Structure formats: C-alpha cells, structure tokens
1. Given H placed 1.01 Å from N in the peptide plane, which residues other than close sequence neighbours of ILE90 have an amide H under 5 Å from its amide H?
2. Heavy-atom accessible area of MET85 with all protein chains present, probe 1.4 Å, nearest 10 Å²?
3. Under the Karplus relation 6.51 cos²θ - 1.76 cosθ + 1.60, θ = phi - 60°, what is the ordered set of whole-Hz ³J(HN,Hα) values for the range 55-64, x standing for Gly and Pro?
4. Under 9 Å from the Cβ of HIS188, count the other residues' Cβ atoms, weight Lys and Arg +1, Asp and Glu -1, and hand me the total.
5. Over all directions, what mean area does the Cα convex hull of the range 200-256 project, stated in square nanometres?
6. Quick one: which residues, 5 or more positions from ASP210 or on another chain, have an amide H under 5 Å from its amide H? H modelled 1.01 Å from N in the peptide plane, none for Pro or chain starts.
7. Of the heavy-atom accessible surface of the range 236-283 (probe 1.4 angstrom), what whole percent is carbon and sulfur?
8. Return the sequence-ordered ³J(HN,Hα) values of the range 287-303 in whole Hz as given by the Karplus equation 6.51 cos²θ - 1.76 cosθ + 1.60 applied to θ = phi - 60°, using x for Gly and Pro.
Amino acid sequence: MTRVYIPAQKTRVMNKLVFSIALIFMGGNVGATTYQMPVTAGDTVVEQFGSGNSTTTVMEDETLLDMALRYTLGQTEIIKLNPKMDRWLIKKGQVVRLPNRRVLPDTPHSGITLNISEFRMYYYPPGQGGEVMSFAHGIGRQDWKTPLGKTSVIRKVKDPAWHPPESIRKEHAANGDPLPAIVPPGPHNPLGTRALYLNLPGEYRIHGTDVDKIFGIGMQITHGCVRMYPEDVETLYDAVPLGTPVYIVKQPIKVGWLDNVLYVEAHPDLEGEEMGQEQRYAVALNLIQKATKEDMPEFDQKALNQALKDLDGEPVAVYERVPVMEPQDAVPAPNQNEVFPDSNPESAPVGKGSPGGYYKGI
C-alpha cells in the first residue's frame, strides 16, 4: 500500500475529522439543502437567504472539511470559496464563506440533474414544483470519467454488496491493496448504505460512501460513479421513485435571472481539461446574449472578468433588466367616457430587448 507522510499538525486535525465522520454515521446533521424555486417565471437563481452573501464564524479550532460536512458542501466547493484558508486548520473566530445563491443548471426542472462541473446534484421532487433539493457529490476521476447524457434510475438497493470489476481489482492489487471478489455491506463498503443504479452500461450508480472516503465528497475521485454523504444518499433514496430521469451535464459556466438581475456562476476546469480565459469569456458572452436576447448587451465587464478569474462558484450580478412601465402608470388615467384607439397595451412600443422590457447594464 502506498504510504503518505502527514505532518503531526495534520494528523491531529485528521483524527478530529475521523471523530466528525463517526458522528455522521451515528446520525449527524448532514442533509439536503432545500431551496424554494423563484416566484417569477423564468428565474433560475435560487437562494437560502435574501440578504446576499452567507458566512459563519468558527466557534472552535477545526478544519474546512469539518465545515463542509456540517453544511452539506463538498471539499472542492468550500475550498474555492475560502482559497486563503488552510483546509487543515481554521481557528476560532475566523469567518468562513458559505454558498448562498445557486444558478440552476440548464436542464429540465424534473428528476435529477448532476452538474459534474460543480460537484453538485439537483433533485426536483415530483408534485412539489416549488422546491429543489441540492446535494454535494463526488465524480469520476480523469481516467474513469462519469458519463454525460440523459438516463434514469432503474434499480434501488439498500445495504448493497460491492462486486468490484476486474479492472478495479487489478488497480488495487498493483498498489498493494488487494480487494476481495465481494465486499459485503458495512462501514468499509465503498457503496455505503444505499445505491441507485442508472440505466447505463457498466453499472453506474449514485451511492453513499464508506468511513475511509467520506472526505472525498465534492472531489474528482471515484471510478465513474457518483458518491454522496451517507445521510444525503439515504434522503435521496427515500425520495426518488424508480424511472426518475437523470440528466448528467458538464456546465462550468451558468447564467440565470433573479428579480430582473442576470447572474453568472463560474467553476474551474475538471482534471485533465483546460479552458483558457478567452474561451471562458466566449462561453459566458454567448450565454449572456441568449439570456438577454441581445447581440451587444451592455453588461458589467469588470464583474464578469472577476467571476471568470475567481471561479469560486459564487453567482455574480452582471446585468439588470428594467421592465417597461405599463401605460396607465406613465400617464394620468383617462376619462372613462373617452375612447382612445391606441390604448391597447399590445400596441404600445417597448424598448430594446425581450418583449415587454428593455435592458441596461449595471
């Protein structure tokens, strides 16, 4: 087995992390983040708090991974939001950034969407059009990529046994860590306590994790399957019926409206991929043009450039849409006995932009 040297300080915090993991398996507070869908039709930005950015103050020395576990975040996500912090040690009194807003991926708002670029899953419960549940997850590493496309949930198994494929057994054997032909259910089973099988060749699954790999949630670390926190996968398992559609997409840059403001959300490249700054800008500009329906929209160039530089997954406002005032709001109410041939609102001129409104940059 490959040995990795870990400094004494990291050993102490990792011991603390193991304790945190134990709490989760005993019934910790990890669970889905449930967002209310926007009230305005066409808006696709959800938020937990209407006051803007979200932060929390550390109550005692711990790690960023502790914080990720507590707030149902993946490791990559919380590190991107706090790039100057030591993931292995944050001190009492420090302020940690947490996500608040999210731009929903450009997929149907039904079933499950896995956006592998952000290590995030979105589930739209049937019959509950006003909610979306979001979970952190891990994905396939560079040489075992998670497949893209539309599929569905075809089987659900509680406490699954794992039959590692020959390719994985050979890899482990080469690293001095041989695997048995069957790994029974239990705390060291990589599938965890629940598995949702997808209608894809190769037995791709959405599944839980074992105590040895729980800190890998939100990373590019699996052999292609989608790995979730133990309590998260149990919540999803109970909520998702067989036949549920699953959309697996790769959208590192997303745009969405909220209250007439257009937001851009950008994430870094996955391992083995490299999108240059010019290409990122071109992708973002194309999405902004589609959202505003303008060839030359006047948006906040500085804000967009910063978002494409930071790549921290935090939605950034780049554009504001101002609705046209209704005719009755712009002029005094007419005499009820008078007739105005041109009073039909549909005949009133509107400004440049989508029907019924015009845009201005912010």
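The values are calculated or read from the model by the stated rules, or taken from the named source; none is laboratory data. Quantities reported herein were computed from a predicted structural model and do not represent experimental measurements. Heads up, the Cβs are rebuilt from the backbone with ideal geometry, glycines too, and the neighbour counts pull from every protein chain shown. Only protein heavy atoms, including side chains, enter the accessible area calculation; ligands, DNA and RNA are left aside. Shrake-Rupley method; radii C 1.70, N 1.55, O 1.52, S 1.80 Å.
1. When sequence neighbours closer than 5 places are left aside, the close amide H contacts are GLU62, THR63, LEU64.
2. Counting only protein heavy atoms, MET85 exposes about 40 Å² to solvent.
3. Along the range 55-64, the couplings run 9, 9, 9, 5, 8, 7, 4, 7, 10, 5 Hz.
4. -2
5. Details: hull surface 22.1 nm².
If you wrap the Cα atoms of the range 200-256 in a convex hull and average its projections, you get 5.5 nm².
6. GLY192
7. Values: 1060 of 2100 Å².
Taking all protein chains in place, the range 236-283 shows 50 percent carbon and sulfur surface.
8. 5, 5, 4, 5, 5, 8, 6, 10, 6, 10, x, 8, 10, 7, 4, 5, 5
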